[in-house]
Amino acid sequence: MSHHKVVLLLGSNLGDRKKNLETAINKIEEGGNQILKISEFLTSEPVEFASSNIFCNIALIIFTDLSPIRLLEQIKSIEAEMGRVNDSKISGGYTDRVIDIDIVTFNWLNFSCERLEVPHRKHIFEREFSKILLKDFI
């Protein structure tokens, strides 16, 4: 039985955005995680960078047996497999992307390291699209 309750936010602004999100959800589940709840799709303008490509976003609640870092590694592997080439933590800025998967909360853990910070404060407190998606999730 999976024992960590995690909230994820997914976004895509390249290609078939809804299909990209559905593919990522399937890969998250195939990775041994249980999907508990899925939000409605929400479109939004890019945040913190300029682009004419509109995002399609979705929130998930999952149960996982993975640690925060192992889950992050799984998510980054899914992003790479789906064609994401630039990671904002590595490149230092945001760009258009096929898929973006963020860990928003992990149980009630407060955790910070070079690669991961939970809770994801920008999604919880700053980004309007995130607040809309997360209103029934946190």
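The values are calculated or read from the model by the stated rules, or taken from the named source; none is laboratory data. On a predicted model such as this, the values are computed, not experimentally measured, just so you know. Counting neighbours? That spans all protein chains shown, and the Cβs are built from the backbone with ideal geometry, glycine included. Accessible surface is based on the protein model in full, side chains and every heavy atom, while ligands, DNA and RNA are left aside. Shrake-Rupley method; radii C 1.70, N 1.55, O 1.52, S 1.80 Å.
Each of SER67 and ILE54 was given a label point 7 Å from its Cα along the Cα-to-Cβ line. The distance between the two points is 4.2 nm. Solvent-accessible surface of protein heavy atoms, probed at 1.4 angstrom with all chains present, puts THR105, THR43 in the order THR43, THR105, largest first. Dividing the summed helix terms, -39500 (n - 2.57) for each DSSP H run of n ≥ 4, by the number of residues in the chain produces a 222 nm estimate of -8000 deg cm²/dmol to the nearest 500.
If you roll a 1.4 angstrom probe over the protein chains with everything in place, what fraction of the accessible area of the chain belongs to carbon and sulfur, to the nearest %? In the chain, the share of accessible area belonging to carbon and sulfur is 52 percent. For the stretch 1-100, the normalised intensity computed at q = 0.18, 0.25 Å⁻¹ comes to -0.85, -1.44 (log10 of I(q)/I(0), Debye sum over alpha carbons, equal scatterers, no solvent). Relative to the longest principal axis of the Cα atoms of the chain, the long axis of helix 17-30 makes an angle of roughly 20 degrees.
In the context of the full set of protein chains, residues of the chain present 54 Å² of accessible surface per residue (probe radius 1.4 Å, heavy atoms only).
Convex hull of alpha carbon positions in the stretch 52-138: directionally averaged projected area 6.2 nm².
Available extension along the chain between ILE38 and LYS19 is 5.4 nm, counting 0.36 nm per residue and deducting the alpha carbon span. Angle of helix 68-81 to the longest C-alpha principal axis of the chain, folded into 0 to 90 degrees and rounded to 10: 40°.
Rounding to the nearest 20 debye, state how big the charge dipole of the chain is about its Cα centre with +1 on each Lys and Arg Cβ and -1 on each Asp and Glu Cβ. Display every interim value, and only then the final one.
On the way: 17 positive and 20 negative charges, 36 e Å.
About 180 debye.
Peptides 62-71, 7-16 ranked from most to least packed by the mean count of surrounding Cβ atoms within 10 Å: 7-16, 62-71. With both labels modelled 7 Å from their Cα along Cα-to-Cβ, the VAL47 to GLU81 distance reads 2.7 nm.
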